[in-house]
Amino acid sequence: MSGSAPTSTPSPTDETGARGRDPGSRLWWAAAVLTVVATAAIYYLVSLSAIAPRTPWDENGVLELGRALSGDDNVTPMWTSGYYPGWPVLIAPIWWFTSSAATVYLAANTLSNVIGLATIVPLALIGRRIGLTTPQAVTAGALTMMLPSNAGLADYVLSEQLLGFLIVWAAYFVFRLDSRPSLGNALGLLAFTLGAVFTHPRALVVAPVVLIWLVGRAVLQRRSRRTLLLVVLVVLVTVPLVKLGADGLASLNTRGGFSQGEGLMRTLRNFEPFTFVKVLFTETWAQLVATLGLIALGAVAVTARAYVEVVRLRTFGPMVFVFGLSLAGALLAFFAGSREGAKYYGSEPRLDSWLYTRYINPFIIVAVLVGVAVLFKVVSARLLAVSIALAAFVAGVVVLVFADSLPTWGSTYGPGNVAGLRAWEGMWPTGQPYDIPLRPTLENGSRFWLVASLFLGVVMLAYAGFTRSSRVMVPFLVALTAVYAAMSNPSLAREYPAHIEAAVKSAESVAGDGYLSLDIDIKCRTGRNSRPTTVNWLGYWMSPRDVDLVDPTKEDFDADLIVACVDWDRAQSLGAQPLADSENYGFQVWVPAGSLQDELEQAGELASAG
């Protein structure tokens, strides 16, 4: 084996032996500019509804951890399983300039979308390394980030935008290491890998992929073996330390410490092969539809190139890494989606748990980019045929085998979980159950599976028809992606505690003594998740007020106001009266007996005073 083997950095056309087209520089630059502008415009359009968090869990959790990391020691413990601190670290400085929850959310959402759009940069750099010209690479990167699974999260403040950004940069440094295995490039890979691990527990799967790639590279190629093995050692030491630190920081503002991952471990202990296979097909199908079939093209091209790298070139090249990264992320999502508890919200079946696009997406962004690159070059009929056959096989299994038993009327409890499929929500008869099994037809309540599959087939056949003409392919792909992303802009409920907030502010204007403090009776339960919903919302949204959690069986209330059940059994003993129009989530604001209550009663603020 030669110690100076050639680099394995691929071109999407390597398997075809075909020559890339003359890009027509001015036309391609026009396409690049247009696509970047269109992507930014869609992110802005989607973000317009982001006036408050959509969820009091994943969003409020990272926002409040950011507040704690900013140095605020008055943060209410959250009723969550904890969130890793990578994203909260970036949110923390926002809290230095404002204590308004609404302003913090707007700023964090803007920052998240800047990070999402900035992911175009490393994608374009990777595009250059797989044979695209600069304007082609920019266009491909922008198209990838325009897809609904990415753009559809533009009205959230979630960790996924940052996670995808870091993972793509890590992949870029794998490409750099392939062509120039220097210590600097190795450290770049290490830094972005650790950053991803620090950002989300799911990114822990990136570490073994990096390790396997580095070890395989070192074993198969002598060049810079010492550097690669040194990085392996550093990864083995630093990843557990980063995880330990992230676990600790994630516990700063939770009631019971960090516990994400326990559900996955229960799934592994109680593994159900049939459910796993079913989720494997439904989530793979979801990615095919969400990416307009581009993931099929990317998966086939990446797999073919990875085979060439290992078998013919006798090395672990960058496509081996992309293959491992995509596979690891997908398997993790399939296992997570196989949890029995994830299939229901209370007694109501969930649709989104069968179609998660959010969990897999950060790990397959580069593979999708490769799919776009394939369409920008002269591609072999064989590669296209295999991609179409793969998509048809998956769609056929889903439609003919699994779809009749899936609750299309079920809830999308987390709309961001299926961001890539929101364009199809008009075909989801949510809340209108039908008898199962129901084989999909073009007219019944299960038609979504069939219609979306037919749409996927038409799009992929269009790729085959346009592949010989970039003047047709590029406008078609840009227009299709833009329209699809715009149609996937969901109208999300923002269920912030508007009544409680308005009532408390009105009471403060009467009292005239600044912010009033609140205690929450954590023994009150008015429905499924009402208590944690109330705690998580008020802890964040009522900032900068002092919001404390009180167990009345162990301690007394000492705040100005008490948030408790509407039919609170302790109201009479405390002489408490409710503020008018102050109910959210089955809780309302009570005023204990005393001078404040007297003032508010005179001002007509109490419900009893109306």
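Global size of region 39-90: 13.2, 39 Å for Rg and Dmax (C-alpha atoms, Rg to one decimal, Dmax whole). Computed on region 85-159, the Cα convex hull volume stands at 95 Å³ per residue. For the chain, what is the mean residue ellipticity at 222 nm derived from helices alone (per DSSP H run of n ≥ 4: -39500 (n - 2.57); sum divided by total residues; nearest 500 deg cm²/dmol)? The helix contribution divided over the chain gives -18000 deg cm²/dmol. For the peptides 281-291, 409-419, 519-529, the ranking by mean Cβ contacts within 10 Å, running from highest to lowest, is 281-291, 409-419, 519-529. The listed residues SER100, SER47, once ranked by accessible area (1.4 Å probe) with the largest placed first, stand as SER100, SER47. Cα-based radius of gyration for region 132-273, normalised by 2.2 N^0.38 Å, reads 1.23. Reported value for region 499-603: 90 Å³ per residue, from the convex hull of its C-alpha atoms. Applied to region 408-417, the Karplus parametrisation 6.51 cos²θ - 1.76 cosθ + 1.60 on θ = phi - 60° returns per-residue 3J(HN,Hα) values of 4, 7, x, 6, 9, 3, x, x, x, 5 Hz, with x for Gly and Pro.
Take every pair of alpha-carbon atoms less than 8 Å apart whose residues are at least six positions apart; their mean separation over the length of the chain yields a relative contact order of 17 percent. From the alpha carbon centroid of region 221-297 to that of region 154-202 is 14 Å.
Probe radius 1.4 Å, ligands and nucleic acids ignored: give me the carbon and sulfur share of the accessible area of region 499-603 as a rounded percent. It is 40 percent, rounded to a whole number. Percent of Cα pairs in region 115-179 per distance bin of 5 Å, from zero to the largest separation: 4, 19, 27, 24, 16, 7, 3, 0. Taking 24 Å as the straight-line reach from the Cα of LYS554, the lysines in range (excluding those fewer than 8 positions away in the same chain) are LYS523. Per-residue Karplus couplings for region 206-223, computed as 6.51 cos²θ - 1.76 cosθ + 1.60 with θ equal to phi - 60°, are listed in order as 5, 4, x, 5, 4, 4, 4, 5, 5, 5, x, 4, 5, 5, 7, 9, 6, 4 Hz, Gly and Pro entered as x. In this calculation the C-beta distance from LEU236 to MET487 is compared with R0 = 35 Å, giving a FRET efficiency of 0.15.
Relative to one another, the C-alpha centroids of region 515-583 and region 463-497 are positioned 46 Å apart. Largest to smallest in accessible area, the residues LEU233, LEU369, LEU45 fall in the order LEU233, LEU45, LEU369 (1.4 Å probe, all protein chains included).
Within straight-line reach of LYS278, meaning a Cα separation under 28 Å, sit the following lysines at least 8 residues removed in sequence or on another chain: LYS343. Here, region 291-383 has an Rg and a Dmax of 16.3, 54 Å when only alpha carbons are counted. Each residue of region 78-94 was assigned a 3J(HN,Hα) from its phi angle through the Karplus curve 6.51 cos²θ - 1.76 cosθ + 1.60 (θ = phi - 60°); the sequence is 8, 8, 9, 8, x, 9, 5, x, x, 6, x, 4, 6, 6, 3, x, 4 Hz, with glycine and proline shown as x. Both numbers refer to the Cα atoms of the chain; Rg and Dmax are 26.3, 90 Å. Average accessible surface for the chain: 39 Å² per residue, computed with a 1.4 Å probe over protein heavy atoms with every protein chain in place. Here the peptides 351-360, 165-174, 505-514 are ranked by packing, the mean other Cβ count within 10 Å, and the order with the highest first is 165-174, 351-360, 505-514.
Normalising the average separation of contacting C-alpha pairs (under 8 angstrom, six or more residues apart) by the number of residues puts the relative contact order of region 499-603 at 35 percent.
The values are calculated or read from the model by the stated rules, or taken from the named source; none is laboratory data. Model, not experiment: these values are computed from the prediction. All Cβ positions, even for glycine, are placed from backbone atoms using ideal geometry, and neighbour counts span all protein chains on display. Remember, those area values only see protein heavy atoms, side chains included, never the ligands or the DNA or RNA. Shrake-Rupley method; radii C 1.70, N 1.55, O 1.52, S 1.80 Å.
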